[in-house]
Amino acid sequence: HTLCREDYARLGGVLERDGPDPRPPVHEPVSEPSRATAITFRPVTSINRPLPSFNPLRGQISETFRNLAGLVDASGRNVGIRRRAIRSRRQLPSAWVHCSTDEEGGENKWRLWHITERGERNMYEYPEKSVIVGDGVGGVWALCRTGDKWALWHADADGCERQFYDYPEHSQLASDGRGGAWILCTTSTDGESKDCLWHATRQREQNLYQYPAGSKLEGDGCGGVWVLCSTGGGSGDNEWRLWHANVCRETNMFQYPENTKLVGDGKGGVWALCKTDSKWIMWHADSNGVERQLYEYPEDSLLAGDGHGGVWVLCPTSIRGERKDCLWHAKQRYEQRLYEYPAGSKMAGDGCGGVWVLCPTKTSEGGSKWCLWHADDEHERNLYEYPC
């Protein structure tokens with residue numbers, strides 16, 4: 001369709017727990033990492049025209065920008081990214097975008113768009129303060145005010161949406177990667193309020209476990225969830241532990257510091273960047289109890305899981321004595337430096353092994369625009385434009 005709008009985007013109980021890990025801790029807690037800032041965007045009318053050569057500008061994204069769902073939400077979690085098979089069997093990256101949209105007649109509404117490399121569709125209307133996460137199989141979960149309650153909705157790319165369950169306004173959401181969602185929220189049980197972890201699908205919801213408020217959730221892409229939370233030890237002292245939970249059980253797995261950066265790998269495991277001794281080290285852990293210390297990256301690195309077991313890392317890199325901001329793709333077997341993008345870029349995995357990057361880019365006319373790029377191991381493409 002012809003694009004004639006300005007988009008301002010929004011990415012915008014307890015089972016018997018295992019005892020404390022007998023191994024000595026290998027990580028040291030440091031200060032909490034900064035959260036993602038917000039962004040705005042407007043897609044160009046065509047993505048098939050010749051594209052300007054990539055020459056990113058250095059700079060920071062203004063705090064006045066809104067978030068883009070499908071790239072990153074306000075807490076830095078990847079949301080809404082999925083893959084879609086076509087006749088050639090090539091997987092097309094796509095995303096759900098919740099943004100302010102000018103309707104006919106000049107009315108402005110917050111709409112949920114479905115976008116791919118080939119086009120976009122204006123599909124649903126949800127309030128500005130909705131919490132959006134993808135379901136991992138092409139649909140999306142939306143927690144929003146509905147009447148006098150906050151309700152969890154599910155919508156898909158075929159035009160079907162449905163209201164399912166009620167949850168509190170400040171619930172934390174994470175995709176399970178198999179069509180469902182994990183919800184950590186305050187729950188009233190026998191007249192007592194507790195922080196409970198629920199699992200919801202389109203068939204049912206289950207109140208499964210208890211975790212403290214402020215825990216970090218990260219879906220594993222295989223139906224489960226990783227939870228980093230303060231956990232009481234046998235001596236009565238609390239330490240931050242990484243738990244893995246699914247609908248059958250929860251397991252106390254590893255020790256990591258409170259400010260660890262987590263991203264799921266899409267294959268049941270998790271990547272964890274944390275301070276180890278005097279360096280910041282990238283670890284990979286899985287639900288079988290195996291963790292590996294792999295690579296060294298700066299503390300301020302930006303992470304995004306690729307959905308295929310790997311992780312994308314945007315970080316300052318020294319090349320022949322010159323400091324550049326480079327995009328790395330790391331897997332358990334190797335890491336490789338691929339492209340350059342400016343510090344302050346926004347990034348999220350596409351679920352197909354690639355990554356979306358939003359950054360300021362120079363045009364062939366000598367100006368600059370905020371552009372949405374898609375990159376994988378083989379190439380990068382400038383797909384959409386965004387006003388600065």
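Odds and ends about this structure:
- Boolean, W182 is within 24 Å of R111 (Cβ to Cβ), among the aromatic types (F, W, Y) and within 20 Å of the chain's Cα centre (by Cα): no
- 1 or more residues buried (at least 20 other Cβ atoms within 10 Å of the Cβ) and at pLDDT below 85: qualifying strands (runs of 3 or more DSSP E) within the stretch 58-136: 82-85, 91-102, 108-116
- Any hit, the stretch 139-147, residues being modelled with pLDDT of 80 or more, in a loop (DSSP other than H, G, I, E, B), touching a Lys or Arg at 6+ places or on another chain (Cβ under 9 Å) and open to solvent by less than 10 Å² (accessible area, probe 1.4 Å): yes
- Among the candidates N246, N238, residue that is modelled with pLDDT of 95 or more and over 29 Å from C315 (Cα atoms): N246
- Every residue from the stretch 342-351 that is more than 14 Å from the chain's Cα centre (by Cα) and farther than 12 Å from V313 by Cα: P342, G344
- Count of the stretch 175-186 residues, restricted to those that are out of contact with any Ser or Thr (no Cβ under 7 Å at 6 or more places or on another chain) and among the β-branched types (V, I, T), is 0.
- Residues that are small (G, A, S) and loosely packed, with under 15 Cβ neighbours inside 10 Å, drawn from the stretch 159-186: G159
- Single residue of the stretch 284-320 satisfying the filter (closer than 18 Å to L338 by Cα and open to solvent by 40 Å² or more (accessible area, probe 1.4 Å)) that is farthest from the chain's Cα centre (by Cα): R320
- From the list D156, D220, D195, D190, the one residue that fits, being open to solvent by 70 Å² or more (accessible area, probe 1.4 Å) and of a type outside the set (S, T, Y), is D190.
The values are calculated or read from the model by the stated rules, or taken from the named source; none is laboratory data. Since we're looking at a predicted model, the values are computed, not measured. Counting neighbours? That spans all protein chains shown, and the Cβs are built from the backbone with ideal geometry, glycine included. Please note that ligands, DNA and RNA were not included when accessible areas were found on the heavy atoms of the full protein model with its side chains. Shrake-Rupley method; radii C 1.70, N 1.55, O 1.52, S 1.80 Å.
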